[in-house]
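Note sheet for the following structure.
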Amino acid sequence: MKNLAQTNYSSALQTVRNLKEKYGTSWNSISPENAARMLTQNQFKTGIDIAKYTAAIMRKDMAEYDADSSKYTQSLGCWHGFVAQQKMIAVKKHHKTTAKKYLYLSGWMVAALRSEFGPLPDQSMHEKTAVPALIKEIYDFLRQADAIELNDLFKRLENGEDVQDQIDNYETHIVPIIADIDAGFGNEEATYLLSKKMIEAGACAIQIENQVSDAKQCGHQDGKVTVPHEDYIAKLNAIRYAFLELGVEDGVIVARTDSEGAGLTQKLPVSQEPGDLASQYLAFVEAEEITIGQAKEDDVLLKRDGKLVRPVRLANGLYKFKNGSNIDRVVLDCITSLQNGADLLWIETPTPNVKQIAHMVNRIKKVAPNAKLVYNNSPSFNWTLNFRNQVYDEMLEQGKDVSNYDKNNLMDVKYDNSELCILADEKIRTFQTDGARDAGIFHHLITLPTYHTTALDMNNLTEGYFGDKGMLAYVQGVQRQEIRKGVACVKHQRMAGSDLGDAHKTFFAGDKALKAGGEKNTSNQFEINTETTKVKETLSVVA
């Protein structure tokens, strides 16, 4: 199989033949051909197999990006195995390969959609077990996609079609998952234990942020509190040890810093010598110069540049960072993470601006030339407004006439076909390419796309279905589109494994098998003329 150093059909066939010979007549009813087919349809036996395979893919992709920044990678966040499965089926259909296409597991979506507590905000309140459970679920669905597609190919082979090459060079739906462990769900031992569960489920890349575990906030909300570098490094170490213990030597750690938008720290680290990491962290803490006589009972005091200072402490006990120190903190966070075992960086930013991202990354690269980012193309950004504002400012700087635009109302639909908005849309279209080239972004992801697409699709369907259109709303907006666009799920029985199950029942029971397929299966209504469809697609492209 393509890219898989696993058992192929021929070797599996010989293995089962040898086993039949070894165990004699008691195995008479076992068909080596059927068993080899099942082995071929399930190349990955454990989550560790998946983690090792996908980690190697990521390492290869990272090296290729270092040599050529146009070879960046992408992913979409998925909150259910079925969503991930349909995404990867669509990737193979439209792009003919899964290369450079990953999956993202968002802690935000786990909290909002997968917690037994019900819908929660992104504040690490969901059960930690929900994360590895979703990883396993995603890979179960992807493995099923392999089995279904390969089962179809074997059936075609049995019917005389020459598809052996497609079987031998089959490309799996299994791709890397970058999995969000939030701030580690506790101390470093808790991080280690959860990391192991995530890796055992199949995760090859774990993303961890430098916020406190017990007061963690979404990266696009206020109130973020970061931890000293020493605490964060301990968690990076915990993840690496988990990878090594489980034999995933190429495991990838994504170190995320929320310092750009975080103005608070929970702890003041202990400096052992001038200029150490703790000292650098403390230098960012806002403090006021006082005399010992001005100190209050139980005040916390620091000596800074030979003077006595009192850190600014809020009523909740948190300490405040100096205003304007955020970018310097981001740079120090990233350099420190790379020097202590991280492989990739993640910088949470307030807006998607390539120049601003590049400014930070270029400072990091002065110390770590191969620094690479995973970047959140977040739905929390108003992409339309952000880029219209960017283009407005650029046009103003260039001396162009912008008098026809109201800077405070650039979202207005009346501007949609204007020069400014066309330029803004083009900047959005090329954002990922530009970011990969100019800002060191190796991986672009959208955290919550399927959260929003589900909401949008239900909005559109319910508007018509419960209105004047009735059933036509579903037929026009969903089923007819599925048929004409060749969406595999239009035959939902097949997608759920019905045809695959029929094949297995035949293996197990022979002619006695009670199968779901047949003349009375209504899925037959969706059989289409392949050649006619190809002609229509060609005409559509030409038009």
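The values are calculated or read from the model by the stated rules, or taken from the named source; none is laboratory data. In this text, all values refer to a predicted model and were calculated from it rather than measured experimentally. Neighbour counts run over all protein chains shown; Cβ positions are idealised from the backbone, glycine included. Ligands, DNA and RNA are stripped out before the accessible areas are found, and what is left, the full protein with its side chains, is counted by its heavy atoms. Shrake-Rupley method; radii C 1.70, N 1.55, O 1.52, S 1.80 Å.
Computed quantities for the displayed model
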item: Sparse-neighbourhood loop sites, trypsin sites (Lys or Arg not before Pro) in the stretch 71-165 - DSSP loop, at most 15 other Cβ within 10 angstrom; result: LYS96
item: Gain upon complete extension [LYS505, ILE292; 0.36 nm per residue less C-alpha separation]; result: 68.3 nm
item: Charge-dipole axis of the chain as Lys and Arg at +1 and Asp and Glu at -1 on Cβ define it, positive-most pick from ALA424, GLY317, LEU500; result: LEU500
item: Förster-model FRET efficiency, 41 Å R0, GLU33 and ASP416, C-beta, rounded to 0.05; result: 0.10
item: Estimated 222 nm signal from helices in the chain, with DSSP H stretches of n ≥ 4 weighted -39500 (n - 2.57), rounded to 500; result: -14500 deg cm²/dmol
item: 0 to 90° range, to nearest 10: angle between helix 188-201 axis and the chain longest Cα axis; result: 20 degrees
item: Proximal lysines relative to LYS52, as straight alpha-carbon distance under 19 Å, when same-chain residues fewer than 8 apart are discounted; result: LYS2, LYS60, LYS100, LYS101, LYS136, LYS196, LYS197
item: Calculated FRET value between LEU456 and THR129, using beta carbons and R₀ = 41 Å, to 0.05; result: 0.85
item: FRET efficiency, THR384 to ASP68 (Cβ-Cβ, R0 22 Å, nearest 0.05); result: 0.10
item: Cα-based shape type of the stretch 290-330, given that a ≥ b ≥ c are square roots of the gyration tensor eigenvalues and the cut on a/c is 1.5; result: oblate
item: Simple label model, 7 Å out from Cα along Cβ direction - ARG429 to GLU161, nm; result: 3.6 nm
item: Additional length obtainable on full extension of the chain from LEU308 to ILE483, 0.36 nm per residue less Cα span; result: 55.6 nm
item: Solvent exposure ordering (accessible area, 1.4 Å, most first) of ASP393, ASP165; result: ASP165, ASP393
item: Separation of alpha-carbon centers, the stretch 94-136 and the stretch 1-78, rounded to whole Å; result: 25 Å
item: Longest site-free stretch - the chain; sites: chymotrypsin sites (Phe, Trp or Tyr not before Pro), DSSP loop, at most 15 other Cβ within 10 Å; result: 118-465
item: Trypsin sites (Lys or Arg not before Pro) restricted to the stretch 272-350 and DSSP loop, no more than 13 other C-beta within 10 Å; result: LYS296
item: In the stretch 234-340, lysine pairs closer than 22 Å at Cα, eight or more apart or cross-chain; result: 13
item: Whole-number percent relative contact order across the chain, with pairs defined as alpha carbons under 8 Å at least 6 apart; result: 14 percent
item: Distance from the stretch 143-173 to the stretch 420-447 (C-alpha centre basis), Å; result: 37 Å
